[in-house]
Structure formats: structure tokens, C-alpha cells
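**Q** Take this structure first; my questions come after.
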Amino acid sequence: MRKSPKLVITVLVGCSIGVILHLYTWNKFPLAERKAEKRTTGGSPEMLPPAGFAPAKVPPANSPHAKVAPTTFPPTSLDPPARAVPHGRAVQQGRAVQQGRAVQPAKDSPPEINLIQSFPIKDPLYHGDTGLKLEPMRVDLDDYSKFVEPVSPEFYAERARLERNASNHDKQAASDLKMLNYFAPLVNNVTRAKFMFTMDVFIRACEKYGWDYFLIAGSLLGAHRHQGLIPWDADADIIMNVTHWQEIRHVLGNIPGFTLLANKDDFWRFHLTDIPHFPGNVHAWPHIDIFFYQETPTHIMGLFEHVSYLRYDRKYILPLSKARWERWELPIPACTSRLLHDEYKDISTCHPVPSMHEIARIRNKYSMPCSRLYNAFPFVFRRRDRATGNVVETRKIGDRVIEEKMVPHEPAVCSQ
């Protein structure tokens, strides 16, 4: 049967109107609002975490880790002290922030507690005896000069070579130069030296007080791929045993010349006080990001959103191994390759690190095979030694070998 032209036109017009209304609704309401609506209409609304150290999230029922029971921490365990004196910047006391504006709390409501507390402080962390009889860390701030050295000289040599070729109308060199510049070191030699000095103070504190920690995220990737800091990055990611949190805050928060930013329900930041702040950003940089994990009889579990992915059977984390990271041998998980694959999938692709004034899309738009950076930065190559079964690690830039050493092979359990 032949359809009427009027009917066809009516159907097409109706479909067009439907599409237009759908697009209007899609653009009118941001993605976050649509997700929030879906959460609240599809079941019970999400619950906010309690004050203080919240337990790790319970894995979904179909997860292989579903039997893990989260540990409950005291509800006031990380509430910043009422008498703490902020260092370096003003912190609003007793004010809540709602939709970008400060709101005075009601007279009959308890005072709001700052989510971020800046240290060092003059008053004790708690009123009365804390039970922390710890000898303070003593540091000489001038010792940072011991860490001053040229920053990635091979990068600048490679960039100069590409600039010369690009000036001679070499289109490939011009393209390579553009990509290389997205991986330029973010700090000069003095700022990098201050960051390495900060790492040295942190490592000495961990050794002095017996704190358990290991590298994660970008720092773990840097140890595996470069035997140090990712050359175009400038911070460190450390995760620590939550049972030490009071000692960590007490010690790191009272080292002269250093500042500790301690969130009550997220990661902390530790840095030299005398380093720059980027405009519009309250955090100094470079810094050490300090995350926390809890142990159960069977699992190691990261606390809070940023490390919620870290939820592994103990056998994949413990016993900790050691890896070269710059001039130190630092703790790493027993199954480093497994953790890196779970987080990054393909570590043979290098991603630029967006700085404070760049946008995140740069990370994916300008990613490229790491092999294109072999002449600019050090990379680690591995092969199996047939005689011993161990792994030979060769660190080199281009064809120049910097160091070669033998390390134990990862435990067989890592492949299970």
C-alpha cells in the first residue's frame, strides 16, 4: 500500500521535534545532574561518608574481594584540632561553604570542622597528653643544595637538534618538536632539588619512626619505567599504613620549614613551605601526595576515593620489594607489574602531565609511544637471565647505558 506524502512528512517532522527536544534536554542539564537524578530516582540516595577516617568501600557482590570486611575507625580520628594555628595561609574557622558562598552556621548547631588543616602548628595536636613521645625531626634547610644537578640535559639537546632541523624546513622535525615540548620538564634544577630534599626528609622520617609505606600510581610507574621520577612530572605518590596516621601528622606537621596539608577524609600533601603556589591554586607544588591504606587479614585496601581502586589480596602487595627511585631504594608492591597493568594497561605509551595551567585533554591528545622519547629521557629495559632466572634491568638514554643491574624476578603468585 502506498503511503501518503502528508503522512510521511508528518512522521519526519515529529521525529525531528523529538530529536531537538532530546538534544535540548541533554545540553540543558549537565552530566553530573543527570547522574545524580538517576541515583536518587533509581533507588536510595547515596550516603555521605562520616566525619574522620571513613572505612574503605565494600566491594560489589560480584567482586572477587567481596568477602573483605571494612575496618571501622574512630569517628573523630582525623578531626583537625580546634586550637591549631594555620601556617602560611588563612583558614576560615566555623564556616560552611555552600554553592560558592560562605554561610554562617546556626547558633544551636555544632561548629563546622575544616576539611583541610595546614601545619606546622604551635599548639599540641590534642588537648592533654597525646601519648606520642616522639623525638622531633631535625633538618637543615640548606641541605637542599646537595640535590642540585642539571635537569634532563638530554631532553634539551634533543630539542635543540629538532629546532635546527625544523629551521631547515624539515616538516617531520617540526612535528616531533611540537610533540616533544609537551613532555618538557616542569621544574628547574633548584625547584627539583628542593623536591628531592623533601623526599629525603620524608624517607628519613619513615625510617626513623618505622612507618610502613610504598610507592603507588605515577611514582610506581616512574620506578618501573625510569628508575625514578617520571622525567616530565614533579610530584610523588606515597601510600602509608593508616595505623601510623597520628605519628605521621605529629612529626611531618612540626618540621620547621615544611608544611603538611592534612585532609580529614582524603589524601594529604607534604612540601617545603618555601616553594611556589600557582595562581588560583591553594596547593604549593611540587609536593608529596600521601595516601592511606588499611590491612585486613586477607587484603590491602586503599582509603578514600583517589585510591579506592587499590583493593588487592595481600599476596599481591606483601612482602614489599625494593626498587630504585632516583638515589634511593624504595618499597614497592610485590606484584608491581600487575598493579601497573590494572591502573595503566599500556605503560609503553607516554602521556604528558598537565600542569596547573593546562587542561586535561592534553594528556590524551598528545600521548605517544614512549619509544619516541628514548633519546630525550632515561628508560629501563628488562631481560630474563637464563642462568639465574633473575631479571637484568638496563637503564639507558638512546644507545648510552647508564646502569645495569640484576634484580629478583617477581613471585610466581603475581601471574595467578
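**Q** How do 157-163, 191-197, 320-326 rank on mean C-beta neighbours within 10 Å, highest first?
**A** Ranking, from highest mean packing down: 191-197, 320-326, 157-163.
**Q** Sum up the charges of everything whose Cβ sits under 10 Å from the Cβ of HIS306, counting Lys and Arg as +1 and Asp and Glu as -1, but leave HIS306 out. Don't skip to the answer; put the middle values down first.
**A** Numbers: positive: none; negative: ASP237, ASP266, ASP289, GLU305.
Local net charge: -4.
**Q** Figure the gain on full extension for PHE381 and ASP399 (residue separation times 0.36 nm, minus the Cα-Cα span) and round it to one decimal in nm. Please list the in-between numbers first.
**A** Working: separation 18, 0.36 × 18 = 6.48 nm, distance 1.17 nm.
Contour length minus the Cα-Cα distance gives 5.3 nm.
**Q** Treat each spin label as a single point 7 Å out from the Cα along the C-beta direction, and report the THR243 to ASP143 distance in nm.
**A** Spacing of the two 7 Å Cα→Cβ label points: 2.8 nm.
**Q** Something else: Past 22 Å, Cα to Cα: identify those pairs from LYS171/LYS345; LYS133/LYS322; LYS322/LYS396; LYS194/LYS396, in the order given. It would help to have the intermediate numbers written out before the result.
**A** Working: LYS171/LYS345 32 Å; LYS133/LYS322 30 Å; LYS322/LYS396 20 Å; LYS194/LYS396 25 Å.
Beyond 22 Å between Cα atoms: LYS171/LYS345; LYS133/LYS322; LYS194/LYS396.
**Q** Further, regarding this structure: Among ALA193, GLN172, CYS206, whose Cα sits farthest toward the positive end of the charge dipole of the range 147-216 (+1 at Cβ of Lys/Arg, -1 at Cβ of Asp/Glu, about the Cα centre)?
**A** Of the listed residues, the answer is GLN172.
**Q** Rank-order 288-299, 405-416, 217-228 by packing density, defined as the average count of other C-beta atoms within 10 Å over each peptide's residues, highest first.
**A** On the way: 288-299: 19.1, 405-416: 12.1, 217-228: 21.5.
Answer by packing, highest mean first, reads 217-228, 288-299, 405-416.
**Q** Is the C-alpha gyration tensor of the range 289-416 telling us rounded, prolate or oblate? Criteria: a/c under 1.5 is rounded; beyond that, a/b larger than b/c is prolate, otherwise oblate.
**A** Numbers: a/c = 2.02, a/b = 1.07, b/c = 1.90.
Judged from the Cα gyration tensor, the range 289-416 comes out oblate (a/c at least 1.5, b/c at or above a/b).
**Q** By how many nm would the segment from GLU410 to LYS171 grow when fully extended, if each residue of separation counts as 0.36 nm and the alpha-carbon distance is taken off? Write out the running numbers ahead of the final one.
**A** On the way: separation 239, 0.36 × 239 = 86.04 nm, distance 4.41 nm.
Result: 81.6 nm gained on full extension.
**Q** Separate question: If packing is taken as the mean number of other Cβ atoms within 10 Å per residue, what is the order of 304-313, 232-241, 344-353, highest first? It would help to have the intermediate numbers written out before the result.
**A** On the way: 304-313: 17.2, 232-241: 21.6, 344-353: 15.2.
By packing density, highest mean first, the sequence is 232-241, 304-313, 344-353.
Taken together, the values in this text are just the output of simple stated rules run on the coordinates, not laboratory data. Remember, it's a predicted structure, so these values are computed and weren't measured experimentally. Quick reminder, even Gly has a Cβ in these numbers, built from the backbone with ideal geometry, and neighbours come from all protein chains shown.
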